[in-house]
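Asks: Submitted below is the structure of interest, expressed as structure tokens.
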Amino acid sequence: MTQKERMEKGMLYDPGDDAIMNEQFPYLDRLGEFNSCSSSETKKREELMKEMFAECGENCYIQPPFYANWSGHHIHLGKNVYANFNLTVVDDGEVYIGDYVMIGPNVTIATAGHPVRPDLRRRGIQFNLPVHIGNNVWIGAGVVILPGVTIGENSVIGAGSIVTKDIPANVVAVGNPCKVLREIGEKDEKYYYRDREIDVRAEEEGLIWEK
């Protein structure tokens, strides 16, 4: 079995293997090009994302700078994904991000890990586990998502959280380690932040402001 095959199966492998490095490095040129785009070059950034990512749905926006080990080659984006400044994705493994996902600034998504055993770490031995983020998830600023984690649809991950285990759908989860704080429920139908009431409703023809 080759090191690349071990890498793809989530097994321990050597990321410094020549075949892996020779495949990985050319992708990084695209990443540099993406980050050098000016603020007005949105069309060029969109085109580069289509080339860089494994999949990229319509109307996706990533605010540079953006960092990824494989330049997004193992990232699968749904549609209407938004990511703020300094998104870092350790995409040695696969990352699946659903539709309408919002990602705050300074978020890290890691698929790669290293054994605790010191002699293996000395050799740089690594493993990768996929990360899955469901539709309509909001990930707050400064969140870190660790290898193998799944976040269920509609959930909110509070700013600064360290997500070490799976988070179910339709919850607010916070902390280090990140834990479910509460379910999304009736109060959220009325309030958008603490005691601030929602005063707008969406209809097919647009937003209608209510007095």
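Asks: Pick from ASN128, ASN35, ASN22 the residue whose mean-square fluctuation is largest in a GNM of the chain, springs joining Cα atoms under 10 Å.
Replies: Top of the fluctuation ranking is ASN22.
Asks: Right, here's the next one. Tell me, what % of the accessible area of the stretch 126-204 is carbon and sulfur with a 1.4 angstrom probe? The partial results should precede the final answer.
Replies: On the way: 2440 of 4810 Å².
Accessible surface attributable to carbon and sulfur in the stretch 126-204 totals 51 percent.
Asks: Quick one: Cα centre-to-centre distance for the stretch 72-91 and the stretch 141-203, in angstrom?
Replies: Answer, in whole Å: 19.
Asks: About its Cα centre, what dipole magnitude does the chain give when the only charges are +1 on Lys and Arg Cβ and -1 on Asp and Glu Cβ, stated in debye to the nearest 20?
Replies: Values: 22 positive and 32 negative charges, 177 e Å.
The dipole of the chain has a size of about 860 debye.
Asks: Taking all protein chains together and a probe of 1.4 Å, list ASP166, ASP92 from the most accessible to the least accessible. Display every interim value, and only then the final one.
Replies: Details: ASP166 100, ASP92 15 Å².
Ranked from most to least accessible, the order is ASP166, ASP92.
Asks: When only the heavy atoms of the protein chains count and the probe is 1.4 Å, how do ARG117, ARG194 rank by accessible area, highest first? Working shown, then result.
Replies: Values: ARG117 135, ARG194 175 Å².
So the residues, ranked largest to smallest area, are ARG194, ARG117.
Asks: Which residues in the stretch 99-128 place their backbone N less than 16 Å from a point set 7 Å from the Cα of LEU181 along the Cα-to-Cβ direction?
Replies: Of the residues in the stretch 99-128, 104 have backbone N under 16 Å from the label point off LEU181.
Asks: Give the dimensionless ratio obtained when the Cα radius of gyration of the stretch 139-178 is divided by 2.2 N^0.38 Å.
Replies: Numbers: Rg = 8.7 Å, N = 40, 2.2 N^0.38 = 8.9 Å.
Working it through for the stretch 139-178, the quotient is 0.97.
Asks: If you filter the stretch 84-183 for trypsin sites (Lys or Arg not before Pro), then keep DSSP loop positions with at most 15 other Cβ within 10 Å, what is left?
Replies: When the trypsin sites (Lys or Arg not before Pro) of the stretch 84-183 are filtered for loop state and at most 15 Cβ neighbours within 10 Å, ARG123, LYS165 remain.
Asks: I need the calculated FRET efficiency for the pair GLU8 and ASP119, taking r as the beta carbon distance and R₀ as 30 Å, to the nearest 0.05. Mind dumping the intermediate values first?
Replies: Details: r = 24 Å, r/R0 = 0.81.
After rounding to 0.05, the efficiency reads 0.80.
Asks: Okay, next question. I want to verify a result. In a Gaussian network model of the chain, Cα cutoff 10 Å, which of these has the top mean-square fluctuation: ALA141, ALA19, ALA110?
Replies: ALA19
Asks: Ok, one more. Where nothing but the Cβ of Lys and Arg (+1) and of Asp and Glu (-1) is charged, how large is the charge dipole of the stretch 20-132 around its Cα centre, in debye to the nearest 20? Spell out each step's value before the answer.
Replies: Values: 10 positive and 14 negative charges, 82 e Å.
Once rounded to the nearest 20, the dipole reads 400 debye.
Asks: Further question: Percentage of Cα-Cα pair distances in the chain greater than 30 Å, rounded to whole percent? Before the final figure, lay out each step's value.
Replies: Numbers: 6544 of 22155 pairs.
Looking at the chain, the distances longer than 30 Å represent 30 percent of pairs.
Asks: With angles folded into 0 to 90 degrees, how steeply does helix 18-35 sit against the dominant principal axis of the chain? Use alpha carbons for both and round to 10.
Replies: 40 degrees
Asks: List the aspartates and glutamates whose alpha-carbon lies under 15 Å from that of LYS79, not counting same-chain residues fewer than 8 positions away?
Replies: Here the aspartates and glutamates satisfying the reach criterion relative to LYS79 are GLU46, GLU47, GLU55, GLU58, ASP99, GLU153.
Asks: For the stretch 20-122, evaluate the Debye formula with one uniform point scatterer on each Cα (no solvent term) and list log10 I(q)/I(0) at q = 0.11 Å⁻¹, rounded to two decimals.
Replies: -0.34
Asks: Could you work out how far helix 42-52 tilts from the main Cα principal axis of the chain, as a 0 to 90 degree angle to the nearest 10?
Replies: Tilt relative to the chain: about 40 degrees.
Asks: Moving on. What accessible area per residue comes out for the chain, rounded to a whole number of Å², with a 1.4 Å probe? The partial results should precede the final answer.
Replies: Values: 12140 Å² over 211 residues.
Here the per-residue accessible area is 58 Å².
Asks: Take the Cα gyration tensor of the stretch 116-183, multiply each eigenvalue by 5, square-root it, and list the three semi-axes largest first, rounded to whole angstrom.
Replies: Values: eigenvalues 144, 31, 17 Å².
Working through the eigenvalues yields semi-axes of 27, 12, 9 Å.
The values are calculated or read from the model by the stated rules, or taken from the named source; none is laboratory data. In this text the structure is predicted, and so the values were computed from the model without any measurement. Neighbour counts are summed over all protein chains in view; Cβ atoms, including those assigned to glycine, are modelled from backbone coordinates with ideal geometry. Surface accessibility is based on the protein's heavy atoms, side chains included, excluding ligands, DNA and RNA. Shrake-Rupley method; radii C 1.70, N 1.55, O 1.52, S 1.80 Å.
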